[in-house]
Ligand SMILES: *Cc1c(COP(=O)(O)O)cnc(C)c1O
Ligand code: SF4
């Protein structure tokens, strides 16, 4: 049983927090993950891609939510380095969203008005195979602790910035000492109003929401919002729902972004169940992203008309507040681009 109540997540004073221990136990060897799931490594589809650039990484608690013996499991497919990763496909490139040209200073990406994204760390608790950051040169771009000073100075010098988005990688990979220091420095920048935290950790490593994290969240004057990342309802088990409770009690808005992924959630049943399960957990669907066309991830992509059709079916099934916005990130645009899906809706027949 995974301890998910913050009260149970406390390690003895001086000891590393439970989540860091969990992180060190994560699966990093393909054959160990297959053995845990009872999958046969001789199956052709289960040959692992070359892992040079982007190793396997799966927390044990997340692997425990996968169906044993099922190579089509929607959680497994998100983390398994399929052989297709080694294939190149035309139009699928290294820097799919143009971030490499947009980095303003140490770890700052300022693409959209009023908000700036701070790449706080390159590390993640899980390695999602479809991720556009799989090729991001973190060693050069991330705002390592000693390099926060220039990023903070740039934010402070721009009166137009009201919101800082901590992103990555996963910003919650940083220790709470470092996060407390960073957030303390952001608190002191007068024009800042909001702190947004883009993180997959409450989903893949619910132990991460512990007393130490809540301690610095309680001190910030900034209005805080979490944007989580779950793609399938089965990711959101009881341990996740429970881990989110202390955030909900604090009135922190919880939003979710998902990515539309072939074989994982590309049917209306999966998408509707995801929205409903998110709401049960106190989370509102925010974005459904079309895949960033990144090299090695083409096998997850879907044609845009299929995505639009899915949205039409979804919207006819769910209340409006459970229908996410379908978006694509297009390099150079002033915001994420909303993909219209309503043109195909025919007027009610009479
Ligand atoms: C997605 C993104 C944001 C946030 O966009 P919202 O539409 O406000 O959620 C900000 N900066 C960058 C670089 C982004 O990629
Ligand atoms: S946690 Fe987020 S940033 Fe990290 S690999 Fe997954 S999708 Fe990418």
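The values are calculated or read from the model by the stated rules, or taken from the named source; none is laboratory data. Here the structure is a predicted model, which means the values were calculated and not measured. Here the Cβ is made from the backbone with ideal geometry for all residues, glycine too, and neighbour counts use every protein chain on show.
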Among the residues listed as 296, 282, the single one being away from ligand 1 (no atom under 13 Å from the Cβ), surrounded by fewer than 20 Cβ atoms within 10 Å (Cβ to Cβ) and not in a helix (DSSP H, G or I): 282
Among residues of the stretch 109-133 being part of a loop (DSSP other than H, G, I, E, B) and in contact with a strand residue (DSSP E or B) (Cβ under 7 Å, 6 or more places away or on another chain), the residue nearest to ligand 2 (Cβ to nearest atom) is 126
Which helices (runs of 4 or more DSSP H) does the stretch 199-257 wholly contain that include 1 or more residues that are surrounded by fewer than 17 Cβ atoms within 10 Å (Cβ to Cβ) and away from ligand 1 (no atom under 16 Å from the Cβ)? 211-219, 238-249
Within the stretch 167-198, can you find the residues that are within 14 Å of ligand 1 (Cβ to nearest atom) and within 12 Å of the chain's Cα centre (by Cα)? 167, 168, 169, 171, 197, 198
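Per-residue answers, yes or no, for (1) more than 16 Å from ligand 2 (Cβ to nearest atom); (2) out of contact with any strand residue (DSSP E or B) (no Cβ under 8 Å at 6 or more places or on another chain); (3) free of Cβ contacts under 8 Å to residues at least 60 places away in the same chain:
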site	(1), (2), (3)
252	yes, no, yes
269	yes, yes, yes
277	yes, yes, yes
316	yes, yes, yes
335	yes, no, no
If residue 160 meets every condition in (1) crowded, with 19+ Cβ neighbours inside 10 Å; (2) modelled with pLDDT of 95 or more; (3) more than 16 Å from ligand 2 (Cβ to nearest atom) apart from one, which number is that one? (1)
